[in-house]
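Down below is the structure, laid out as structure tokens.
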Amino acid sequence: MTSGKRTNRSVDDRRAADREYLRQCLRVASRARGSTSPNPMVGALVVQEDEIIAQAYHHKAGTSHAEHLALAAARDAARGATLYINMEPCCHHGHTPPCVEGILAAGVRRVVASMVDPDPRVNGQGFAALRAGGVEVDVGELADEAARLNEAYLTLKQEGRPFVTAKAALSLDGRMATRRRQSQWITGEAARRRAHRLRGGSDAVMVGIGTVLSDDPRLTARHGRLRGPRFRVVLDSHLRTPADCRMLGTAGGQVLIFTTAAGPPRHRDQLESAGAEVLVVEADDRGRVAWEPVLADLARRGTMSALLEGGSDLLTSAFEADIIDKVFLIYAPLLIGGSAALPLWGGDGIDSLDAAPRLQRVRRSRLGEDWAVEGYIHSPRLTV
């Protein structure tokens, strides 16, 4: 007869093993960062008698899913094994066959996953089909970590828009540039490398016309492993983007310029001849490009993540519209001062501290001589 104490230890041991294998799933899945849109990053492990028989990850949309790849590598060893995945397997036909069918055909005994896939075509139905097929299913371990990995995917599926991150390099007194608009370089080399990693893992990088005119950025990602943004986006209410700007002369993601009816049609033709796609959208009550049609357009293109890189006017507009989900702020050990220097968030700001957005799940890290602060204003809703 087994004692209760011994049974609990056995359950605890199994749970600890499950967590360790799921951590490996997340590490494997993250190898595809920046490449899977509009699909999530998914890793899969086939484990037989406490040994990893096979592991794989989904590389990009339109290619085999992680589950199919791992099971194909495991072959007959998958029968009776446990499959670890960080997200629910699909149960519908798309570019690839349903993963649930492959799991059942392989004879997998148990599936351990971190979270439900919020895609309406799945959303618990994959787990239900596995259980109906006699597979033991456990869901929920490392759910928070899994949600963080696929925060952009969750937001696209739940909210119908990209996950928006505001990134800025700041002085200790919260200035993005001097009163003469000088901002290069506030932070050091380590921080700039991290910024390129953020770009490389984002579907879209966005700036305002002020940044284009003052810095003439390329908005490419100098990071060998990450492919860089699919879209380089400019919000330009009066269509002042120069047709000879470096962005249009540099290979990289498609350049999208959002403007309003105030933009001159002749200049629109010049920009489109130079390779940009110019989109006329409605203006907000201040005559600026409105956020809703911009995010809706990006969502239609399968854009899961958008990185806002400034300047101050763009970020102020985004804060006022409450469309920022996460901030990544890098502080340098210097002071700029001056009421005319550019702040992170200008305009009128908030009226009371009760209305101030307070960051959740804050992380802090050192980047050379600088410090990074990362946190959520709006966290994606977790599904388990």
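Listed options for semi-axes √(5λ) of the Cα gyration tensor in Å are (i) 35, 21, 21; (ii) 29, 28, 20; (iii) 43, 24, 18. The value calculated from this structure is the one marked (iii).
What does the charge count around Asn123 come to, taking other residues whose C-beta lies under 10 Å from its C-beta (Lys +1, Arg +1, Asp -1, Glu -1)?
-1
If you add up the charges near His65, with Lys and Arg at +1 and Asp and Glu at -1, over every other residue whose beta carbon is less than 14 angstrom from its beta carbon, what do you get? Before the final figure, lay out each step's value.
Working: positive: Lys60, Arg121; negative: Glu67, Glu88, Glu101, Asp117, Asp119.
Net charge around His65: -3.
Tyr84 sits with roughly 10 Å² accessible to a 1.4 Å probe, with DNA, RNA and ligands left out of the calculation.
Beyond 15 Å, how much of the Cα-Cα pair distribution for the stretch 154-215 remains, as a whole percent? So the portion of pairs separated by more than 15 Å is 63 percent.
Beta-bridge orientation, the stretch 203-334: approximately 5 percent antiparallel, per DSSP, counting only bridges with both partners inside. Subtracting the Cα-Cα distance of Asp244 and Asp144 from 0.36 nm times their residue separation leaves 31.5 nm of extension gain. Pairwise Cα separations in the stretch 36-89 fall into 10 Å bins from 0 onward with the following percentages, short to long: 29, 52, 18, 2.
The DSSP beta bridges internal to the chain are antiparallel in roughly 40% of cases. Computed about the Cα centre, the dipole magnitude for the chain is approximately 1000 debye when only Lys and Arg (+1) and Asp and Glu (-1) carry charge, each at its Cβ.
Only lysine pairs 8 or more places apart, or on different chains, with alpha-carbon atoms under 29 angstrom apart are counted in the chain, and they number 6.
For Val111, the residues whose amide H sits under 5 Å from its own are Leu83, Glu136, Val137, Asp138, ignoring neighbours fewer than 5 places away on the same chain, with H placed 1.01 Å from N.
Stokes-Einstein diffusion for the stretch 1-118, with the hydrodynamic radius set to the Kirkwood value over Cα pairs and evaluated at 37 °C in a medium of 0.692 mPa s, equals 224 µm²/s. Computed across the stretch 306-362, the Kirkwood hydrodynamic radius from all distinct Cα-Cα pairs reaches 13.0 Å.
If we count every other residue with Cβ under 15 angstrom of Ala355's Cβ, Lys/Arg +1 and Asp/Glu -1, where does the sum land?
Values: positive: Arg358; negative: Glu320, Asp322, Asp348, Asp351, Asp354.
Spelling it out: positives minus negatives among the neighbours equals -4.
If you average the C-alpha positions of the stretch 248-277 and of the stretch 121-198 separately, how far apart do those two centres end up, in angstrom? Answer, in whole Å: 28.
Per residue, what accessible area does the stretch 150-219 have, given a 1.4 Å probe and all protein chains present, in Å²? Present the calculation step by step, with values, prior to reporting the outcome.
On the way: 2800 Å² over 70 residues.
Accessible area per residue, the stretch 150-219: 40 Å².
The values are calculated or read from the model by the stated rules, or taken from the named source; none is laboratory data. Keep in mind that this is a model prediction, so the values were computed, not measured. So basically every Cβ, Gly included, is an ideal-geometry build from the backbone, and we count neighbours across all protein chains shown. Protein only, heavy atoms only, side chains kept; ligands, DNA and RNA dropped before computing areas. Shrake-Rupley method; radii C 1.70, N 1.55, O 1.52, S 1.80 Å.
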